[in-house]
């Protein structure tokens, strides 16, 4: 749940799919008002792991 799922190996494929979908929405469809939001980030370290 929250940001921890984005750094979980078992969720990697789903996270990659979400990232590709976001890239398509912004780059191909031109919807630049769509932003990424990472829910329930508990620590700065957890946030850094998600970004990496």
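Since every read-out is calculated from the coordinates, none of them should be taken as a lab result. Remember, it's a predicted structure, so these values are computed and weren't measured experimentally.
Residue separation of residue 44 and residue 13 scaled by 0.36 nm, minus their Cα-Cα distance, works out to 8.8 nm of gained length.
Nearest 10 degrees, 0 to 90: what angle lies between the long axis of helix 12-27 and the longest principal axis of the chain (Cα atoms)? Helix 12-27 sits roughly 30 degrees off the main axis of the chain.
Relative contact order, whole percent, for the chain stands at 54, derived from Cα pairs under 8 Å and 6 or more residues apart. Only one item in (i) 42, 22, 13; (ii) 37, 18, 17; (iii) 32, 21, 18 matches Cα extents along the principal axes in Å derived from the coordinates shown, and that item is (iii).
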